[in-house]
1. Quick check: is even one residue across the range 19-26 within 19 Å of ILE146 (Cα to Cα), among the hydrophobic types (A, V, I, L, M, F, W, C) and not in a loop (DSSP other than H, G, I, E, B)?
2. For the range 18-51, which positions are closer than 21 Å to ILE120 by Cβ and surrounded by 12 or more Cβ atoms within 10 Å (Cβ to Cβ)?
3. Against the condition in contact with a Gly (Cβ under 8 Å, 6 or more places away or on another chain) and under 24 Å from GLU47 (Cα atoms), how does ASN117 come out, does it pass?
4. GLU95 - would you say it is at pLDDT below 95 and open to solvent by 70 Å² or more (accessible area, probe 1.4 Å)?
5. Quick one: LYS58 ticks every box in (1) closer than 30 Å to TYR106 by Cα; (2) surrounded by fewer than 14 Cβ atoms within 10 Å (Cβ to Cβ) except a single one, so which number is it?
6. In the range 80-92, how many are open to solvent by less than 50 Å² (accessible area, probe 1.4 Å), in a strand (DSSP E or B) and either among the aromatic types (Phe, Trp, Tyr) or within 28 Å of ALA115 (Cβ to Cβ) (or both)?
7. Name the residues in the range 150-174 that are modelled with pLDDT of 95 or more and under 16 Å from LEU125 (Cβ atoms), would you?
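The values are calculated or read from the model by the stated rules, or taken from the named source; none is laboratory data. Not measured: the values here are computed from a predicted model. All Cβ positions, glycine included, derive from the backbone under ideal geometry; neighbour counts span all protein chains shown. Ligands, DNA and RNA are stripped out before the accessible areas are found, and what is left, the full protein with its side chains, is counted by its heavy atoms. Shrake-Rupley method; radii C 1.70, N 1.55, O 1.52, S 1.80 Å.
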Amino acid sequence: MRKEWNAVEILRHSRHDWLNKIQLIKGNMALGRYDRVNEIIEEIILESKNEAKLSNLKAPNLASFLMLFNWEDRTLSLEIEVIGDEQDLSLYDDEITSWCRNFLNYVNQAVKPVAENHLILSIQLDEGEVRFIFDFNGIIEDKQEILNFLESELISPTIKILDYEVHNDEMIVTVQILTASEKR
């Protein structure tokens, strides 16, 4: 079930996240761990840059789904990186969002709930080519659940699964967004 977020809830969660980051910086400063403070600040800068790049893809449904993902009750955490020059994905927003939501729901159900499950989504943008690379580390209890989704997924006119490997403790899935010129 999907939660609908209103502006107040989004601002409350965002403020909570920022306060946690500031407290982490403050705590490390009090302990004299200035190298760690610099690492935390660099992580915040990188995360903010990636969220800005994601927001600039003109795919608001995808951006909001991915940026709110960790705020919902999940058995895995999601990290997002956007590599390459910005592109306009507005024509593909609904289909990409739907596919990502379905796939991440399958992964969320297939992993061990109390394990440290981490998924990095790299969105690679290169001269009109768009690839999503899902790189998971953690504990997968039901590999078949994920494999069934990947193997039985209906052929999409926009999304092509290029490659995947699913193991008990890691997974990598690469999909490509087919633009109008690539569908021909």
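1. Step one: filter the range 19-26 for residues within 19 Å of ILE146 (Cα to Cα), giving none.
For the range 19-26, residues within 19 Å of ILE146 (Cα to Cα), among the hydrophobic types (A, V, I, L, M, F, W, C) and not in a loop (DSSP other than H, G, I, E, B): absent.
2. Of everything in the range 18-51, those that are closer than 21 Å to ILE120 by Cβ and surrounded by 12 or more Cβ atoms within 10 Å (Cβ to Cβ) turn out to be LYS21, LEU24, GLU39, ILE40, ILE41, GLU43, ILE44, LEU46, GLU47, LYS49, ASN50, GLU51.
3. Numbers: in contact with a Gly (Cβ under 8 Å, 6 or more places away or on another chain): yes; under 24 Å from GLU47 (Cα atoms): yes.
Yes, satisfied.
4. Numbers: at pLDDT below 95: yes; open to solvent by 70 Å² or more (accessible area, probe 1.4 Å): no.
Against the criterion (at pLDDT below 95 and open to solvent by 70 Å² or more (accessible area, probe 1.4 Å)), GLU95 does not qualify.
5. Every listed condition holds for LYS58 apart from (2).
6. Of all residues in the range 80-92, those open to solvent by less than 50 Å² (accessible area, probe 1.4 Å) come to 80, 82, 84, 87, 89, 92.
Of the ones still in play, those that are also in a strand (DSSP E or B) are 80, 82, 84.
This time we only want the ones that are either among the aromatic types (Phe, Trp, Tyr) or within 28 Å of ALA115 (Cβ to Cβ) (or both), so: 80, 82.
Within the range 80-92, residues that are open to solvent by less than 50 Å² (accessible area, probe 1.4 Å), in a strand (DSSP E or B) and either among the aromatic types (Phe, Trp, Tyr) or within 28 Å of ALA115 (Cβ to Cβ) (or both) number 2.
7. Across the range 150-174, the qualifying residue is only THR174.
So that you can scan it fast, the table gives a plain yes or no per residue for (1) farther than 16 Å from ASN20 by Cβ; (2) assigned to a helix (DSSP H, G or I):
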position	(1), (2)
VAL37	no, yes
GLU43	no, yes
LEU46	yes, yes
LEU54	yes, yes
ASN61	yes, yes
PHE65	yes, yes
ASN70	no, yes
LEU78	yes, no
